[in-house]
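To start, the structure itself, in structure tokens.
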Amino acid sequence: MQIRKILATPRSFAKEDDAPLRLLENAGFTVVRNVSGGILPKAEMIRQLSECEGVIVGVDPMDAEVIGSAKKLRAIAKYGVGTDNIDLDATKRRGIPVSVTTGANADAVADFTFALMLAAARRVVPIDRACRNRDWGKRTSLDVYGRTLGILGLGAVGRGVAKRAACGFGMTVLAYDPYWDESFASAYGIQQAQPEEIYHTCDFISLHLPLNERTKGMIGRMQLRMMKPSAVLINTARGGLIDEAALAVALGDGQIFAAGIDAFSQEPPTQEALYHLDNLVMGSHTAASTKGAVANMGMLAAKNLLQDLNREGNG
């Protein structure tokens, strides 16, 4: 009897609740788990996928070579929404459907966005570090309530951040999105703005855009220089949106007040200067890692994968 296999690379998949795992196993599949403790390298992806019909993938590499070598692969389910690690041209050539878990972790990421915003503005990390060294000195920080927030990208997460800002923190919200939804903007008093206006005028700037040729490196030296010296920059979207070398210089020189970054172009990041900045709060791409979001993503990814594998004509 042939064993039908699915590879699941996200370390948190079915970790707290095994319902997604049972769903796949009840459908007749053996699930191969990532036990490496990290992101699987390209060579390991090629090896693991050689016998798999489907994959639930996090940020592990799924380039043309990986996809081309996976001869049995019939469906890809992204554990999240960003597909920049998947070569979509290669999947189209093979006729392999790619699904995403839209909305499954939006609230968790929006919450973490605000956690980074508050931590960076109020200097929570250096204050905590000082207190552990018995230093009870006061550190002046920034107000958040009633300030101006600029959001780049009003998808599910961007909207969640906008709601929290407008309704909970009394903030003036400016936003940019190439597909503007006037009804949503009107409901929450959100003002439409171009990125340059956001860079120049906003106290807080939060990124919620996909990574593509148009957005890669969109926050560089020039954009950072446009920002206020009191600006706080947040990224819980994708690594690569920010030029990290330019960010390290801007933070080190006081061009902007602080940043909270949960997504880097390489993880862990290679810019050594980032590790020594007291005005940077770093995250390990963990914004979506809550028990609720993990459960939602796992179940939706499993359902998406089974739906594509069972679709008539796929295989």
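The values are calculated or read from the model by the stated rules, or taken from the named source; none is laboratory data. Keep in mind that this is a model prediction, so the values were computed, not measured. No Cβ is skipped: glycine too gets one built from the backbone with ideal geometry, and neighbour counts run over all protein chains shown. Please note that ligands, DNA and RNA were not included when accessible areas were found on the heavy atoms of the full protein model with its side chains. Shrake-Rupley method; radii C 1.70, N 1.55, O 1.52, S 1.80 Å.
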Original post:
Any idea how many residues of region 208-229 are touching a helix residue (DSSP H, G or I) at 6+ places or on another chain (Cβ under 9 Å) and closer than 25 Å to Gly160 by Cβ?
Top reply: 7
**OP:** Search region 105-130 for residues that are within 14 Å of Asn279 (Cβ to Cβ) and pair each with any residue that is acidic (Asp, Glu) and surrounded by 18 or more Cβ atoms within 10 Å (Cβ to Cβ) when their beta-carbon atoms are under 7 Å apart and the residues are at least 6 apart or on different chains.
**Re:** Leu116/Asp262
Subject >> Of residues in region 161-189 being open to solvent by less than 30 Å² (accessible area, probe 1.4 Å) and under 21 Å from Ile219 (Cβ atoms), the one nearest to the chain's Cα centre (by Cα) >> reply: Val161
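Pull up region 84-131, narrow it to residues that are among the β-branched types (Val, Ile, Thr) and closer than 27 Å to Gly54 by Cα, then point me to the one that is most open to solvent (accessible area, probe 1.4 Å).
Thr102
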Subject >> Every residue from region 52-65 that is open to solvent by less than 30 Å² (accessible area, probe 1.4 Å) and touching an Asp or Glu at 6+ places or on another chain (Cβ under 8 Å) >> reply: Gly54, Met62
Original post:
For region 11-18, does any single residue satisfy the condition of being in a loop (DSSP other than H, G, I, E, B), open to solvent by 40 Å² or more (accessible area, probe 1.4 Å) and under 25 Å from Glu213 (Cβ atoms)?
Top reply: no
